[in-house]
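Where a number appears in this text, it was derived from the coordinates with a stated rule and is not lab data. Only a predicted model underlies this, so the values are computations on that prediction, with no experimental measurement involved. Counting neighbours? That spans all protein chains shown, and the Cβs are built from the backbone with ideal geometry, glycine included.
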Amino acid sequence: LLEELATIRTPGNAMFRARDCSPQYGKEFLTQADIFAAETNGRIIQADLVPDVESRQAKSGQILLAGVGTLGETEVYGRAIIADKRLEGKLLSSDVLILEPNLDEDTHAYLYAFLCSRVGVRMVRSTSAGTKLLRPRRDLLRKLPIPVPDDKTLKQVADLIRSTIANREQYLSEVQAARACLEALPEMQEAIRMCQERKARCTVWDGNLPTVTAWTYASAGQALKMLLKKWKLRVGDFVPPSKIFNGPRFARTACVPPHGIDFMSQRDVFMIRSVPRRIALPNLPRNELFVPEGTLLVGSNGQLSEGSLFGQVAWCDSEMANAAFTQHILRVGIDPEYAPIAFAFLSSIVGKRLMNSTAVGTSIPMMRADLVRALPFPEIDTSLHSLVAKHVKTGVAARVTATNAEKEAIRIIEEEV
């Protein structure tokens, strides 16, 4: 039974009012959706105002379950993620269920892989109670039967999960190292100071006015104007107009594997383990549905609030290259030689502020491709270029290895146990 393998608890017991603060004074607060992000982007809140703060801190090795939601096929409700250095020390919301290990490390890793399988997710969801928003009944969850395999299979699955954790941590460290190389540049340090704080701004603009949206020029403070003067290169120098687009709208007919293709929403693109829809292959040109490896994927529709997906940038790896994407994802086909530099720059805090500055619209802003192409591009020497590219490519390879290891562990459980 599940209660013999792990202790189930919620993070904290008391309600509290979260108060936002600067990163140096607080801790990151994660919702159940945030724990599945490839790179978390939760609210920064004052930790000293949080009751039971120690019990809310994520620790490596904990199995975290999304504990509130509906039974939609692609919902995160009932799904599990194992905490690693991406989540360690960050505060968890009360919607997350924590499974603490009771037995050895191998059994705990196997339990995680089982809960990620199709049967595991359905078993967790089968304990649901409620009407509009469901939650697992703790007494039923504890009594879930867990099939434990022979020692050889258990060790094999556990080794794959350990490989998954190690490679996910390497992905994060390599991507952060790539950004750090660029953020050490004097002009980047100055730009960070100009745009890091989120507040209402005004600026004097003496350049071209392709749009009358004031947000475009004022949101990044003086950072946009300063970088445009410091760097002569532009994103458009490495992206032909035909290689930056949002993709077509089309009818999406649900189907089941092995038929059809995976269809990824904005949320899926930025998850460490996506939950895409399966749809029938539409009658559209292949280059409008799929993009090659190394394409930058940008969340281009949404809100400008802190923590939203709007303006975030992901790298299309070999796994994503086999999936179709929603029209809300902006595809940016950068020259392969400069794609790692573009990813490291545009996924940094300065890059995100600059991407946000290309927004037009009111209720649901979207990005204008011509404004994206007009953004400044870093001018760096060849040695720094090579170092950044090495970090990005190593990180992307580690993420693909992690994804494949986790898939193999789940396959073994579904087909051999």
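Observations on the model:
- For the range 6-74, averaging the sequence separation of C-alpha pairs within contact (under 8 Å, six or more residues apart) and dividing by the residue count gives a relative contact order of 36 percent.
- Only Lys, Arg, Asp and Glu carry charge here, each on its Cβ (+1 for the first two, -1 for the last two); on that basis the range 113-196 has a dipole of about 920 debye about its Cα centre.
- Segment Glu337..Ala214, full-extension length gain: 40.9 nm, with 0.36 nm per residue of separation and the alpha-carbon distance subtracted.
- Over the range 168-225: Rg over Rh, Cα atoms, Kirkwood Rh: 1.12
- Centroid-to-centroid separation of the range 342-391 and the range 199-253 [C-alpha atoms, Å]: 9
- Summary of packing: across the peptides 116-124, 28-36, the per-residue average of other C-beta atoms within 10 Å ranks them, highest first, as 28-36, 116-124.
- Pair Ala180, His259: separation of 7 Å Cα→Cβ label points (nm): 5.0
- Extension gain, Asp48 back to Glu306 (0.36 nm per residue minus Cα-Cα distance, nm): 90.7 nm
- A simple charge model with +1 on the Cβ of Lys and Arg, -1 on the Cβ of Asp and Glu and nothing else charged puts the dipole of the chain at about 1320 debye relative to its Cα centre.
- Build a GNM of the chain with springs between Cα atoms under 10 Å apart, and of Val212, Val350, Val175 the one that fluctuates most is Val212.
- Spacing of the two label points (7 Å from each Cα toward its C-beta) at Ala18 and Leu228, in nm: 3.5
- Fully extended contour minus Cα-Cα distance, from Arg249 to Asp237, at 0.36 nm per residue: 1.5 nm
- Largest-first principal axis extents, alpha carbons of the range 113-238, Å: 69, 41, 26
- Calculated FRET efficiency for the pair Thr382/Asn102, C-beta based, R₀ 60 Å, to 0.05: 0.65
- Mean projection area, nm², convex hull over Cα of the range 269-417: 11.0
- The Ala129 and Val204 beta-carbon pair, evaluated with R₀ = 41 Å, returns a calculated FRET efficiency of approximately 0.10.
- Charge dipole of the range 320-383 (Cα centre as origin; +1 on each Lys and Arg Cβ, -1 on each Asp and Glu Cβ, all else neutral): 360 debye, rounded to the nearest 20.
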